[in-house]
Amino acid sequence: MVAESTQLTLDFTPGLTLRHRSLRECVSASVYGCHRGLSSVAADLDMSPSELTKRLNPDGSEPRPLRVDDLEAILTATGDFTPIFWLAEKYLRSDEARRSSAINQLSQMLPMIGKLLKECQK
């Protein structure tokens with residue numbers, strides 16, 4: 001008997017934590033960006049579209065918690081694993097990667113800061 005081996009290739013898209021402030025925001029983008037639509041994803045989770053919307057939007061009038069089981073079902077329903085990559089980017093980065101990211105962000109912000117300083121001097 002030959003054992004099967006599975007290889008997983010992870011493709012990390014840089015900047016996920018810059019584009020999405022929280023895991024919930026990333027999951028929400030995954031659901032709303034899914035080609036199947038919110039109603040279909042909600043049906044896979046055995047909940048109404050309005051219930052799923054409440055779970056995805058913590059700032060709504062009736063926020064609900066997004067449960068781990070919900071996250072697993074959403075990953076299966078959408079086929080979008082971006083939330084996992086978001087978690088990896090946020091929690092598994094090396095110190096060097098964090099430093100590099102901070103330097104990159106600063107280099108993008110410096111021209112704007114210079115312009116603002118000139119405006120303040122006028």
**Prompt:** Simple spin-label model, 7 Å along Cα-to-Cβ: Glu72 to Ala102 in nm?
**Reply:** 3.7
**Prompt:** How about Lys90: which lysines have a C-alpha closer than 30 Å to its C-alpha, ignoring those fewer than 8 places off in the same chain?
**Reply:** Lys54
**Asked** Using mean Cβ contacts within 10 Å as the protection proxy, how do 16-24, 65-73 order, highest first?
**Response** 16-24, 65-73
**Fill in**
The ³J(HN,Hα) series, computed from each phi in the stretch 25-31 with the Karplus coefficients 6.51, -1.76 and 1.60 at θ = phi - 60°, rounded to the nearest Hz and given as x for glycine or proline, is 5, 5, 5, 4, 4, 5, 5
**Prompt:** Modelled label-to-label distance, Arg19 and Met109, 7 Å Cα→beta-carbon offset: nm?
**Reply:** 2.1
**Message:** What's the whole-number percent of alpha carbon pairs in the chain lying beyond 25 angstrom?
**Reply:** 44
**Item:** In Hz, Karplus ³J(HN,Hα) per residue of the stretch 89-100 (6.51, -1.76, 1.60; θ = phi - 60°; x = Gly, Pro)
**Value:** 4, 6, 10, 10, 7, 6, 4, 5, 5, 5, 4, 4
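Quick note: the coordinates plus some simple rules give every number you see, no bench work behind them. Keep in mind that this is a model prediction, so the values were computed, not measured. Glycine gets a Cβ as well: all are built from the backbone with ideal geometry, and neighbour counts include every protein chain shown.
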